[in-house]
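Colleague: Sharing a structure with you now.
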Amino acid sequence: TVDVVAAQVLADTIRRYEDLGEDSIRITASTLSVLGRVEQTDEPHTLLSLAVGIDDQPVEMARRYLPFLRRMEQEMRVHLQGQPVRFELVLRKNSDPDYPKIAGGRVDFQRVGALPYVLSRKAGAVFGLVAREDQGKNGVIFVSKDVYDRGLTNLDCLAGRSFAFGESNSTVSTMAKVELARAGITRARLGQVKEFDSYDPEQVARFRAASQKAGKPSHLPLVRSHRLALESVLEGKFEAGVARRQYFQNAKSRGLVEIHTFDIPPDVYVAREDLDSILARAFGQSLLALRDKQLLSDLPLQPINQFLPAMDSDYNALRGLLDRELRAFEGQLPSTKD
């Protein structure tokens, strides 16, 4: 039956996800049809792929993306004068620091964070900017309840305190550093600092050399960086940390207190450089046409209401923060606090 096949598909997906030799899970259009109980047809079609960052529950992610992908197939068919398309979903690990690979030929479209977008452009990556979400995520700087009760209640109190960031090149960690710099808290003024899953070039080289020697794939392993930051504060290893609000809310009842919240620039959708411009335009038009709030709210994202046209200049403000506040946090400029 369909249920039996779907169960096997779920098991296979989970096994691939747990294999750290894989840097992504490609869920084919036929697999998505099984998961969504949609009858497959032999109608000729154009096969497209959409890549998104992986979560702890890849099967649930695939299920929640199904209605969105089906609607996109319908919308694109209209904009392509009846030409049918089908999507496959690629769940990518977010820890790979090789930013120029964004939409670099392995996928047709990709959802990326604001910081990876800016850094990939800076690194010389070429791809099409399709659209952006209408609002970004929220980040939370938090402490454990016992630390809060001892007086660590705001950013000014963080001087000399230990701090746990997520992956160093994530948008959330970067915006937290911006907020700290604005409060006059630099890396030097903090106590012990930990950046989970921070892949610098030397670490990448060591990992890939070891993988090559062992005859294994050289993909970097997945580390759930912001969850590790949460756990390290809960376990008392660090006094403060930062995470996406979604993850913070899930752990808050275990003894965490929010001391500061901040906005994160919205994610963008990009297309690979050599994709047919007609397909790229139809994808963008289809995103902009989506107004179904229930459909959008069901996506495993922060709540969004719609997609908006995107221009590279939309991210100049973030570039300015990287040049000023982030450099101030790292001690390369005077503190930005008045």
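The values are calculated or read from the model by the stated rules, or taken from the named source; none is laboratory data. Just so it is clear, the structure is predicted and the values come from calculations on it, not from any experiment. Positions of Cβ are generated from backbone atoms using ideal geometry, with glycine treated the same way; all protein chains shown enter the neighbour counts.
Colleague: How many residues does the stretch 160-183 hold that are in a loop (DSSP other than H, G, I, E, B) and at pLDDT below 95? Can you show your working first?
Modeller: Going residue by residue through the stretch 160-183, those that are in a loop (DSSP other than H, G, I, E, B) are 160-162, 166-170, 183.
Within this subset, residues satisfying the condition of being at pLDDT below 95 are 166-170.
Selection size over the stretch 160-183: 5.
Colleague: Just checking, how many residues over the stretch 84-113 are touching a Gly at 6+ places or on another chain (Cβ under 8 Å) and modelled with pLDDT of 90 or more?
Modeller: 1
Colleague: Going through Ser253, Ser297, Ser286 one at a time, which residue ends up being without any contact (Cβ under 8 Å) to a residue 12 or more places away in the chain, polar (S, T, N, Q) and out of contact with any Pro (no Cβ under 8 Å at 6 or more places or on another chain)? Break it down into steps so the answer makes sense when it comes.
Modeller: On the way: Ser297 fails: out of contact with any Pro (no Cβ under 8 Å at 6 or more places or on another chain); Ser286 fails: without any contact (Cβ under 8 Å) to a residue 12 or more places away in the chain.
Ser253 is the lone residue from the list that is without any contact (Cβ under 8 Å) to a residue 12 or more places away in the chain, polar (S, T, N, Q) and out of contact with any Pro (no Cβ under 8 Å at 6 or more places or on another chain).
Colleague: Hey, another quick one. What strands (runs of 3 or more DSSP E) lie completely within the stretch 238-338 and have 2 or more residues being surrounded by fewer than 21 Cβ atoms within 10 Å (Cβ to Cβ) and of a type in the set (D, E, K, R)? Don't jump to the end; show me each part of the working.
Modeller: Numbers: elements: 240-244, 256-263, 268-272.
Fully inside the stretch 238-338 and qualifying: 256-263.
Colleague: Quick one: would you say Gln81 is at pLDDT 90 or above, under 25 Å from Ser30 (Cβ atoms) and polar (S, T, N, Q)? Explain how you work it out, then say what you get.
Modeller: Details: at pLDDT 90 or above: yes; under 25 Å from Ser30 (Cβ atoms): no; polar (S, T, N, Q): yes.
In short, no.
Colleague: Applying the selection to the stretch 118-172, what residues are closer than 30 Å to Arg272 by Cβ and small (Gly, Ala, Ser)?
Modeller: Across the stretch 118-172, the qualifying residues are Ser120, Ala123, Gly124, Ala125, Gly128, Ala131, Gly136, Gly139, Gly166, Ser168, Ser170.
Colleague: How many residues does the stretch 194-211 hold that are surrounded by 13 or more Cβ atoms within 10 Å (Cβ to Cβ) and either of a type in the set (Lys, Arg) or modelled with pLDDT of 85 or more (or both)? Break it down stepwise before answering.
Modeller: Filtering the stretch 194-211 down to residues surrounded by 13 or more Cβ atoms within 10 Å (Cβ to Cβ) leaves 194-199, 203-204, 207-208, 211.
Pick out the ones that are also either of a type in the set (Lys, Arg) or modelled with pLDDT of 85 or more (or both) and you get 194-195, 208.
Qualifying residue count, the stretch 194-211: 3.
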